[in-house]
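> Below is a structure I'd like to ask you about.
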Amino acid sequence: MTCTVLGLGSNKGFQNLAPGEVLDEACRALSSVLKNAVFSSVYVTKPMYYEDQDYFHNMVCAGWYEGTAFELLDEIHRIEASFGRDRSKEIRYGCRSLDIDIELFGKEKISEENLVVPHEKFLERSFVLTPFHEVLKKYADIEFEGCLLKDSLPFSKEYIKTQLDLLKTQEVVLERS
């Protein structure tokens, strides 16, 4: 089992679901994929990179996965597709009903065309670091099969807090706990 951290985002509803509700449903789906999954609060943030779109609802999920990072990526893509995501019709960094990124997969380092872990933009995105810091503060001592969450990842909550301080200009607003 590998401790993994996923970043979730939505700024476009799907069917009758608003972005926050899409995240709620995605969490239910991820609960069947990850063991002992824990979830952050939902935060609302301005879009980055491509700014002509609605604000994003963002959160983080952490849990243990039995399989490879590539198998997890396949499962994530299936979940995204079930909420209407079609990567072939998107603008890069544009609006989407659901985006799930593998931010961390244990302490593994992967650099392939379709997967980079740690996520290449992990440390520059306060919309990921803020909910990740929240998860670390609340759940760092959660144990699964003899491993603590805080010992299963390459970054400490203190390091993440330092990175967040460097990103103060990126506004992240708590939507709901």
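The values are calculated or read from the model by the stated rules, or taken from the named source; none is laboratory data. Since the structure is predicted, the reported quantities are computational estimates derived from the model, not experimental observations. Here Cβ is always computed from backbone atoms with ideal geometry, including for glycine, and neighbour counts include all displayed protein chains. Calculation scope for accessible area: heavy atoms of the full protein, side chains included, ligands and nucleic acids excluded. Shrake-Rupley method; radii C 1.70, N 1.55, O 1.52, S 1.80 Å.
> Among the residues of region 70-99 satisfying the criterion of being free of Cβ contacts under 8 Å to residues at least 60 places away in the same chain and among the aliphatic types (A, V, I, L, M), which is nearest to L136 (Cα to Cα)?
L73
> Of the residues that make up region 73-82, is at least one open to solvent by 30 Å² or more (accessible area, probe 1.4 Å), within 23 Å of E120 (Cβ to Cβ) and acidic (D, E)?
Yes, because at least one residue in region 73-82 is open to solvent by 30 Å² or more (accessible area, probe 1.4 Å), within 23 Å of E120 (Cβ to Cβ) and acidic (D, E).
> Let me ask something else. On the basis of being over 24 Å from E134 (Cβ atoms) and not β-branched (V, I, T), does S31 make the cut?
Against the criterion (over 24 Å from E134 (Cβ atoms) and not β-branched (V, I, T)), S31 does not qualify.
> Return yes or no: is R85 in contact with a Phe, Trp or Tyr (Cβ under 9 Å, 6 or more places away or on another chain), surrounded by 15 or more Cβ atoms within 10 Å (Cβ to Cβ) and among the basic types (K, R)?
Values: in contact with a Phe, Trp or Tyr (Cβ under 9 Å, 6 or more places away or on another chain): yes; surrounded by 15 or more Cβ atoms within 10 Å (Cβ to Cβ): yes; among the basic types (K, R): yes.
Criteria met by R85.
> Provide a single number: the residues in region 80-107 that are in contact with a strand residue (DSSP E or B) (Cβ under 6 Å, 6 or more places away or on another chain) and over 29 Å from L17 (Cα atoms).
2
> Which of the residues belonging to region 32-57 are over 27 Å from E90 (Cα atoms) and among the charged types (D, E, K, R)?
Answer for region 32-57, where residues must be over 27 Å from E90 (Cα atoms) and among the charged types (D, E, K, R): just K35.
> Which one is most open to solvent (accessible area, probe 1.4 Å) among residues in region 118-138 that are in contact with a helix residue (DSSP H, G or I) (Cβ under 9 Å, 6 or more places away or on another chain) and closer than 11 Å to L6 by Cβ?
Among them, the one singled out is H119.
> Further question: Give region 10-19 a look and list any residue that's surrounded by fewer than 24 Cβ atoms within 10 Å (Cβ to Cβ), in contact with a strand residue (DSSP E or B) (Cβ under 9 Å, 6 or more places away or on another chain) and under 27 Å from V117 (Cβ atoms), or say none.
The one that is surrounded by fewer than 24 Cβ atoms within 10 Å (Cβ to Cβ), in contact with a strand residue (DSSP E or B) (Cβ under 9 Å, 6 or more places away or on another chain) and under 27 Å from V117 (Cβ atoms): N11.
> Taking region 100-111, which residues are loosely packed, with under 15 Cβ neighbours inside 10 Å and either in contact (Cβ under 8 Å) with a residue 12 or more places away in the chain or of a type in the set (K, R) (or both)? I'd like the intermediate steps shown before the answer.
Taking region 100-111 as the starting set, the residues that turn out to be loosely packed, with under 15 Cβ neighbours inside 10 Å are 107-109, 111.
Result: K107, E108, K109.
> Filter region 1-41 down to the residues that are part of a strand (DSSP E or B), under 16 Å from V60 (Cβ atoms) and of a type in the set (A, V, I, L, M) and list them by number.
V5, L6, L8, A37, V38
> Hey, another quick one. Every residue in region 50-68 that is touching a Gly at 6+ places or on another chain (Cβ under 9 Å) and surrounded by fewer than 16 Cβ atoms within 10 Å (Cβ to Cβ), please.
Hits for region 50-68 are Y50, D52, Q53.
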